[in-house]
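Single-structure report; data block below.
The values are calculated or read from the model by the stated rules, or taken from the named source; none is laboratory data. Everything numeric here is computed off the predicted structure, so don't read it as measured data. All Cβ positions, glycine included, derive from the backbone under ideal geometry; neighbour counts span all protein chains shown.
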Amino acid sequence: MIPRQTISFLIQRFREAGVRPDTRHGQNFLVDLNLVELLVRTARLTRDDVALEVGTGTGALTAMMARQAGAVVTVEISAELHQLAREELIDFGNVTMLCQDALHNKNRFDSRLLDAIGQLVAQDPKRKLKLVANLPYNIATPVISNLLLADIVPVSMTVTIQKELAERITARPSTKDYNALSVWMQSLCDIEIVRILPPTVFWPRPKVFSAIIHVVPDPAKRARIPDLLFYHQFVRAVFLHRRKFLRSCVLSAFKKRLTKPQVDAVMTQLSLGPDARAEQLDVEQMLALSDALRESLKSAEG
């Protein structure tokens, strides 16, 4: 049995291993067992699931998932923590442990991690991928965002992230938090903020509040987007300078590919005035604008 991950347990294990938490890698450990259980319970793991954990830590969450999932792939960037967790997880035969960065760069997952996931999912046609993790703050956005572009898209993502990020992901148009990530995630997923977490439930304590969110990618929403990569790049481009008018952002994004009259024609077609801004458009309007521009590009480029 894995010991309960309390502050005293963590301090003792770190002392034994001769290491200290590295805040550069977001090493803030969830020490409230009820919240760890809530995280796993919300994910609804079954033996048909391959659970992906980014940030193994000491292996407490990993062990809880391993008892419920068919397989767990867990990745840890710290060699010291990887070894510490390996000692704790030695009896779990369904856990694949990787000591590396989960990301190749901010736009792409490391191929070794994707290969490990792919091999496990391919073992049974009923197998599904689920992301379940206490995500390090510094990589939460690229992990969540890029998984939606991966060859194997998770059926759900249940993670702890910074509260501010959770608010951005769920933000509505014309609010200060509404941005490209809001549009991207809401275009593809149903999202729920499950619980707000105070700093006191972590060790070391972060300076900010956190949140558990549950994200469910919706195949019907995904089917509405004919070119996912184009849409992803388009959304990021029009929010690049959020203070600018939408027309200027679109012209900048498609410079040398679409003329001003062509962009104006699309804007007029969608009843978007010259003073429209990206932050005012809801998901449906953003989808319509992306499709219209994509069609205009196809016509312009023959």
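So is Asp32 in contact (Cβ under 8 Å) with a residue 40 or more places away in the chain and either touching a Gly at 6+ places or on another chain (Cβ under 6 Å) or in the same structural domain as Ile212 (by TED's automatic domain parsing) (or both) or not? Yes: the conditions hold for Asp32. When Asp227 is evaluated against the numbered criteria (1) farther than 30 Å from Asn34 by Cα; (2) surrounded by 15 or more Cβ atoms within 10 Å (Cβ to Cβ); (3) touching a Ser or Thr at 6+ places or on another chain (Cβ under 9 Å), which criterion, by number, is the only one it fails? Result: Asp227 passes all but (2). Comparison of Pro219, Pro199, Pro206 shows that the only residue that is more than 27 Å from Asp282 (Cβ to Cβ) and without any contact (Cβ under 8 Å) to a residue 12 or more places away in the chain is Pro199. Among the residues making up segment 195-211, a single one is among the charged types (D, E, K, R) and modelled with pLDDT of 95 or more: Arg195.
For segment 57-89, a residue qualifies if it is among the β-branched types (Val, Ile, Thr) and at pLDDT 95 or above, and the qualifying residues are Thr62, Val72, Val73, Thr74, Val75. Of all the numbered requirements in (1) modelled with pLDDT under 95; (2) over 21 Å from Thr175 (Cα atoms); (3) of a type in the set (Lys, Arg), Lys221 misses one, and that requirement is (1).
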